[in-house]
Amino acid sequence: MPVARKILRRCLPGVRNRQGRLPGRMDALEFSPRTETELHTLTLDVLKSSEIKDFFQNPNQVRSSIVLRLSIDIDKQVPTGRDLEGIIEMMLNATLNYS
């Protein structure tokens, strides 16, 4: 049996054990990976749709406003303007409250 195969056979049980514990550790985080993914996606949606209309936004302000509206407690709040709030409200209604 090749040496590499022997090494893999010795390491594999430990790797499988750690792999099984990973979801539990992720659940213990302050926020779920799904929430972070949704936040990232919504932020990009707002930024890209604003850029189409030549209305460039500050990514930190967009993220902060979305965090506030989704009641996620992960960021410091950054002041935002009324125009940005309107864009974010429209985007959240279109993506989360479409029914």
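The values are calculated or read from the model by the stated rules, or taken from the named source; none is laboratory data. For clarity, every value in this text was computed on a predicted model and none was experimentally measured. Every residue, glycine among them, receives a Cβ derived from its backbone with ideal geometry; neighbour counts consider all protein chains shown. The protein model used for the area step is the full one, side chains on, heavy atoms only, and it has no ligands, DNA or RNA in it. Shrake-Rupley method; radii C 1.70, N 1.55, O 1.52, S 1.80 Å.
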Open item on the list: Within segment 26-66, take every residue that is at pLDDT 75 or above and assigned to a loop (DSSP other than H, G, I, E, B) and give me the one that is surrounded by the fewest Cβ atoms within 10 Å (Cβ to Cβ).
Closed with: D54
Task: segment 2-25, subset at pLDDT below 80 and open to solvent by less than 70 Å² (accessible area, probe 1.4 Å), residue farthest from A94 (Cα to Cα) - done: G20
- [ ] Of the numbered conditions (1) of a type in the set (D, E, K, R); (2) assigned to a loop (DSSP other than H, G, I, E, B); (3) surrounded by 12 or more Cβ atoms within 10 Å (Cβ to Cβ), D73 fails exactly one; give the number of that condition.
- [x] (3)
